[in-house]
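Please read the structure below before turning to the comments.
Only the coordinates and a few stated rules stand behind these numbers; no lab work does. Nothing here was measured: the structure is a model prediction, and the numbers come from that model. So basically every Cβ, Gly included, is an ideal-geometry build from the backbone, and we count neighbours across all protein chains shown.
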Amino acid sequence: MHRHEFLKLLTMTLASTSVSACTGVLNLRPMSPTAKNNPIEDIQPTPRPTDDNAVWDVIVVGAGIAGLRAAHILQQNGRRVLLLEARNRIGGRIWTEDYAGLALDLGAAWIHRTGGNPITAVANQLGATLITTDYDDLKRFDASGKPLSAELNRRVEELLERYIGQARKYAENQEHDLSLQAAVELILDASPLSTQDSRLLNYAINTTFEHEYAGDADRLSAWYFDAQEEFDGQDVILKQGYRTIVDFLEQNLEIRLNQAVQRVAYGDGGVTLTTAQNVWHARAALITVPLGVLQRGSIRFEPPLPAAKQQALGRVAMGLLNKCYLVFPEVFWDDTTLLGYVGDRKGEWAEWLNLDALLGAPILLGFNAGKYAYGLETQSDSQIAAAAMQTLRQIYGKSIPEPLSHRITRWGSDPFSFGSYSFLAVGATPSDYDTLAQPVGKRLFFAGEHTQRDYPSTVHGAYLSGERVANEILSLL
Ligand SMILES: Cc1cc2nc3c(=O)[nH]c(=O)nc-3n(C[C@H](O)[C@H](O)[C@H](O)COP(=O)(O)OP(=O)(O)OC[C@H]3O[C@@H](n4cnc5c(N)ncnc54)[C@H](O)[C@@H]3O)c2cc1C
């Protein structure tokens, strides 16, 4: 997922108010005067119950960035906190793997817009090496593998600007929301595009919006798909991987891995959480599992969650973006940061990140989103790699080497995520994020990227949601 400069420009042209409102830290809710919240402050060992059967102040379900950040603050403020994590690792959708001394991020990779972004502050204080991504450093190829002419490259931007601009205006004047794709098609009905322009526009919609929001354009709400705020500045990746951040946050926290919570029973007396191995007790529970997990009903809440929350769960969508790393014996591709493929079929292997440019390694990273990505998940790794290679051979010829290895994600079928990140589908509104954030009484609290209206679907949004909920809990407990 990455934010294209174009998006920013387009947003500035079409909705200048939302950009001027986007001043980062000003939007953050202040910590309570007594709450400690410096991520780098000395981490105190938790005053902890002596065994797992004791009553904790707060049990946090999920050790992703939202849960870790919240637990960190609660512990700094003297609360006894335990995290229950279903996987055998922490980090959730932050998942860095080592490959030959390189850190490859299988989930989040970018700090989007570094200026005012709280993740930048943590990364800088930890001395992390940040590498800027220049999205304009891009070479595009047509369906037959020939580089796009300068004129056709300009045409991609022109078509996007014109048709998305018109589609949004059209949508704004409707009584009911409709999908971005439907709005574009209604505009195109009046003056259909040539086959070539249509391919270019499909490519642009896919790589600019479908990859960004992890949703097909025929599901993205034309009214709200990009309603969230952004910070300023550039996008960067962390040379040592995103785990730098979560590894820091987990220090001295009490975490139990391989504990998938199946049942959460709550009432005035406290909360009881059940996993296959144990029953856990706390004065309050903080649920940070992904939207996809809540939607699937993997956790039984007793009593059931309020109707308003359940309805919001049905409206906000869980999107899908998958990654396919191909490791080659040598670099055979162009030296631009990104490679674009304007194929015959929309959304198939349209965008590649060149890790030679970023990390000096002969690795290409292909992205796929939405329906096409779901379809690929049903195939074997070697079938997926073969499909990727077809595109690369189209561009660079039949004699390019086979990859030495590949690493392919399947976030859609991951039982502890069921998707990559949330987006606003037709029928959903930004206030649904607020509803998902609301506590239930004084015992059940919620955080995670899908609960942060200003910055959903990002690491910084999840992190800020952890801060928000820690404050809520501190004021009550
Ligand atoms: C492929 C991909 C690329 C992305 N790229 C970026 C990017 O470049 N920049 C960016 O800012 N964001 C990106 N994101 C989004 C970002 O990763 C997420 O928004 C963020 O990490 C979510 O954090 P979270 O704490 O809300 O959820 P999670 O990280 O998912 O944490 C929730 C935790 O709950 C656990 N859990 C689930 N079910 C249970 C259960 N029953 N019991 C106990 N534990 C459970 C999970 O295992 C997980 O550890 C990307 C995501 C993906 C998948």
To the nearest 10 degrees, the tilt of helix 150-172 (Cα long axis) against the first principal axis of the alpha carbons of the chain is 50 degrees
Quick check: pseudo-label points 7 Å beyond the Cα along Cα→Cβ at ALA150 and LEU130, how many nm apart are they? 3.3 nm
P(r), alpha carbons of segment 389-477 - 5 Å bins starting at zero, rounded %: 3, 12, 15, 15, 13, 10, 8, 7, 6, 5, 3, 2, 1, 0
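How large is the charge dipole for segment 173-225, taken about the Cα centre, if only the Cβ atoms of Lys, Arg (+1) and Asp, Glu (-1) carry charge, to the nearest 20 debye? Let's see the in-between values first.
Working: 2 positive and 9 negative charges, 30 e Å.
The calculated dipole for segment 173-225 is roughly 140 debye.
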Hey, what's the Kirkwood Rh for the chain if you take every pair of different alpha carbons, in angstrom? 23.1 Å
Dipole moment magnitude, nearest 20 debye, the chain about Cα centre, only Lys, Arg, Asp, Glu C-beta charged: 1120 debye
Does segment 324-477 classify as rounded, prolate or oblate by the C-alpha gyration tensor (a ≥ b ≥ c root eigenvalues; a/c under 1.5 gives rounded; else a/b over b/c gives prolate, otherwise oblate)? prolate
Taking the Cα centre of segment 171-277 as the origin and placing charges on Cβ (Lys, Arg +1; Asp, Glu -1), which of ALA204, TYR266, GLN251 is farthest toward the positive end of the dipole? GLN251
In segment 120-245, taking the dipole from +1 charges on Lys and Arg beta carbons and -1 charges on Asp and Glu beta carbons about the Cα centre, the listed residue (LEU130, TYR224, ALA171) farthest towards the positive end is LEU130
Gap in Å between the Cα centre of segment 282-322 and the Cα centre of segment 153-205? 34 Å
1/(1 + (r/R0)^6) with r = Cβ-Cβ of ARG300 and LEU404, R0 = 45 Å, i.e. FRET efficiency to nearest 0.05, evaluates to 0.50
Highest mean first, what order results for 261-271, 167-177, 75-85 on Cβ atoms within 10 Å? 75-85, 261-271, 167-177
Karplus ³J(HN,Hα) for segment 379-393 (6.51 cos²θ - 1.76 cosθ + 1.60, θ = phi - 60°; Hz, whole; x = Gly/Pro) runs 9, 6, 4, 5, 5, 5, 4, 5, 5, 5, 5, 4, 5, 5, 5
Computed about the Cα centre, the charge dipole of segment 46-106 from +1 Lys/Arg and -1 Asp/Glu charges at the Cβ has a magnitude in debye, to the nearest 20, of 220 debye
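State the extension gain, in nm to one decimal, for the chain segment bounded by VAL440 and ASP381, taking 0.36 nm per residue of separation less the distance between their alpha-carbons.
Once the chain is fully extended between VAL440 and ASP381, it gains 17.0 nm.
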Which of ALA369, VAL331, GLN277 sits closest to the plus end of the dipole of the chain, meaning its Cα is farthest towards the positive end, when Lys and Arg get +1 and Asp and Glu get -1 on the C-beta? GLN277
Where does each of VAL293, VAL426 land when they are ranked from fewest to most other beta-carbon atoms within 10 angstrom? VAL426, VAL293
Please state the relative contact order of the chain as a whole percent: Cα pairs under 8 Å, 6+ residues apart? 23 percent
When the helix-only estimate is applied to the chain (DSSP H runs of n ≥ 4, each -39,500 (n - 2.57), divided by the residue count), what is the mean residue ellipticity at 222 nm, nearest 500 deg cm²/dmol? -9500 deg cm²/dmol
Within segment 79-96, backbone nitrogen closer than 11 Å to the virtual label 7 Å beyond the Cα of LEU359 toward Cβ: 96
Any idea what the alpha-carbon Rg over 2.2 N^0.38 Å comes to for segment 273-342? 1.92
Ranked highest first by average number of other Cβ atoms within 10 Å, how do 213-221, 325-333, 302-310 line up? 213-221, 325-333, 302-310
Specify the angular offset, from 0 to 90 degrees and rounded to the nearest 10, of the alpha carbon long axis of helix 459-476 from the longest principal axis of the alpha carbons in the chain. 20 degrees
Can you give the angle from 0 to 90° between the axis of helix 5-14 and the longest principal axis of the chain, with both taken from C-alpha atoms, to the nearest 10? 90 degrees
Multiplying the sequence separation of ASP98 and LEU193 by 0.36 nm and subtracting their Cα-Cα distance, what value in nm do you get? 29.6 nm
Summing Lys, Arg as +1 and Asp, Glu as -1, what charge do residues with Cβ under 11 Å from the Cβ of ILE400 carry, ILE400 excluded? 0
